[in-house]
């Protein structure tokens, strides 16, 4: 009789592989999210710096062409920030979805391990019962032989 856990080992290995792949995907997506957040931080920092410089320059007066150029530049930055905000939102959704996949993979793996542990426990109990039955039968046979030997050996009366 082979241990039932051996039968589930392949299934457990596959579940572990799926979980590990899901963890790898989650790590990759978290890295992408961090990169997107760094780009957003860079853009917003750049906007703040541009506004600060414009305020300093505006104090001494500016011509219309420079004002138009600044407005166009700020509109492009606003567009880049809006785009980056969408990228960040997508990354957050992807990370959340990947986390859900990891959680499900962990649940599946835990369930499989629990089933394997239960099967192993049942198998061990069956082995123990079989061994106990065998031991009881051996003891019973030994007792019978002793009784047979005792009954066949009867002292002679004088």
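The values are calculated or read from the model by the stated rules, or taken from the named source; none is laboratory data. As the structure is a computational prediction, the values presented were derived from the model and not from experiment. Here the Cβ is made from the backbone with ideal geometry for all residues, glycine too, and neighbour counts use every protein chain on show.
Condition check ((1) assigned to a helix (DSSP H, G or I); (2) modelled with pLDDT of 95 or more; (3) surrounded by 15 or more Cβ atoms within 10 Å (Cβ to Cβ); (4) in contact with a helix residue (DSSP H, G or I) (Cβ under 8 Å, 6 or more places away or on another chain)) across all residues:
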position: 5; (1), (2), (3), (4): yes, no, yes, yes
position: 10; (1), (2), (3), (4): yes, no, no, no
position: 13; (1), (2), (3), (4): yes, no, no, no
position: 19; (1), (2), (3), (4): yes, yes, yes, yes
position: 26; (1), (2), (3), (4): yes, yes, yes, yes
position: 30; (1), (2), (3), (4): yes, yes, yes, yes
position: 36; (1), (2), (3), (4): yes, yes, yes, yes
position: 41; (1), (2), (3), (4): yes, yes, no, no
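When every residue of the stretch 121-128 is checked against the conditions, at least one turns out to be touching a helix residue (DSSP H, G or I) at 6+ places or on another chain (Cβ under 9 Å) and modelled with pLDDT of 80 or more.
For residue 138, are the conditions met, namely being over 30 Å from residue 26 (Cβ atoms) and under 50 Å from the mean Cα position of the chain (by Cα)? No: the conditions fail for residue 138. Quick check: anything in the stretch 78-85 within 30 Å of residue 22 (Cα to Cα) and touching a residue at least 24 places away in the same chain (Cβ under 8 Å)? Yes, because at least one residue in the stretch 78-85 is within 30 Å of residue 22 (Cα to Cα) and touching a residue at least 24 places away in the same chain (Cβ under 8 Å). Within the stretch 86-117, the set of residues being without any contact (Cβ under 8 Å) to a residue 12 or more places away in the chain and farther than 26 Å from residue 10 by Cβ comprises 86, 89, 90, 93, 96, 97. I'd like the full set of residues that are within 30 Å of residue 119 (Cα to Cα), in contact (Cβ under 8 Å) with a residue 24 or more places away in the chain and over 14 Å from the mean Cα position of the chain (by Cα), limited to the stretch 10-58. 11, the sole residue that qualifies. For the stretch 75-92, which residues satisfy the criterion of being more than 21 Å from residue 49 (Cβ to Cβ) and surrounded by 12 or more Cβ atoms within 10 Å (Cβ to Cβ)? Across the stretch 75-92, the qualifying residues are 87, 90, 91, 92.
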